[in-house]
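Beneath this line is the structure, given in structure tokens, with notes to follow.
The values are calculated or read from the model by the stated rules, or taken from the named source; none is laboratory data. The structure displayed is predicted, hence computed values, not measured ones. Cβ sites come from the backbone with ideal geometry, for glycine too, and all protein chains shown count toward neighbours. Surface accessibility is based on the protein's heavy atoms, side chains included, excluding ligands, DNA and RNA. Shrake-Rupley method; radii C 1.70, N 1.55, O 1.52, S 1.80 Å.
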Amino acid sequence: MEATEMLMSEHRIVEGFIGTLERAADKLDQKQTIRPGFFTDAADFSKGFTDGCHHRKEEGYLFPALVRHGLSDTSSLVAVLLEEHEQSRRLIKAMRLAAQQWQDGDTKAMPIVLENARSYVSLLKQHIQKEDGVLFPLSERTLPLDEQATLAQDFERVEEEEVGAGVHEKYLGLANTLKKEVF
Ligand SMILES: [Fe+2]
Ligand SMILES: [Fe+2]
């Protein structure tokens, strides 16, 4: 599988999770039953899969390859995407913290969970559209084929050595469990 195809197939998994989180946020908004631990579990998925498996490949390999081929790392699309990754981490951290406070009995933290969950959902939706629609076509035009092949090998190595065996699958299982909880 080509490097950009690998990232795109991970986007489909992240989108599935985003749909689940959006549904959970709607339930919270409509005062339907949803446990605070749902949102700490969702933060675990985001940290473990979206950051740990996916952003790791983009930040560690794809973005630097594009910068080597002339995209500026301070004033370009790459800079915007990196800042969105940072923003997504801030939102998830804030969502996790508020969910823990809610779990400890502070119901005033519930709207903070909702606000951060919804901001994360809308940020990630447009981020993925930008990467699928602009960044990946640009990558395929910009990077020589041999470098694209090397990237695909790097991504496989990231999964085996940095992420670790079975971790990717563990998070797919978590996404599935969370989906079943709200749909
Ligand atoms: Fe990204
Ligand atoms: Fe991505």
**Request:** Take the Cα pairs of region 47-123, get the Kirkwood Rh, then feed it into Stokes-Einstein at 25 °C and 0.890 mPa s and tell me D in µm²/s.
**Result:** 176 µm²/s
**Complete:** Rounded to the nearest 10 Å², the 1.4 Å probe accessible area of Glu169 is 110 Å²
**Item:** Accessible surface of Glu140 - all protein chains present, 1.4 Å probe, nearest 10 Å²
**Value:** 80 Å²
**Item:** Accessible area per residue, Å², the chain with all protein chains present, probe 1.4 Å
**Value:** 50 Å²
**Message:** For the ranges 12-18, 127-133, 49-55, what's the packing order if you count other beta-carbon atoms within 10 Å of each residue, average per peptide, and put the highest first?
**Reply:** 49-55, 12-18, 127-133
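With the Cα gyration tensor of region 117-168 in hand, convert its eigenvalues to equivalent ellipsoid semi-axes via √(5λ) and list them largest first in whole Å. Show your work: numbers first, answer last.
Details: eigenvalues 120, 89, 5 Å².
Calculated on Cα positions only, the semi-axes equal 24, 21, 5 Å.
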**Message:** Between 0 and 90 degrees, rounded to the nearest ten: what's the tilt of helix 167-182 against the longest Cα principal axis of the chain?
**Reply:** 40 degrees
**Request:** For region 3-182, compute the number of Lys pairs whose alpha carbons are separated by less than 22 Å, excluding pairs fewer than 8 positions apart on the same chain.
**Result:** 27
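Once Rh for the chain is found with the Kirkwood sum over Cα pairs, what is the Stokes-Einstein diffusion coefficient at 25 °C and 0.890 mPa s, in µm²/s? Intermediate results must be reported in sequence, preceding the final value.
Details: Rh = 17.1 Å.
It comes out at roughly 143 µm²/s.
Calculate what fraction, in whole %, of the accessible area of the chain sits on carbon and sulfur atoms when a 1.4 Å probe is rolled over the protein chains.
Values: 4790 of 9080 Å².
After summing per-atom areas, the C and S share lands at 53 percent.
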**Relative contact order of the chain, pairs being alpha-carbon contacts under 8 Å that are 6 or more residues apart, as %** = 39 percent
**Asked** How much accessible area does Lys47 have with a 1.4 Å probe, in Å² rounded to the nearest 10?
**Response** 140 Å²
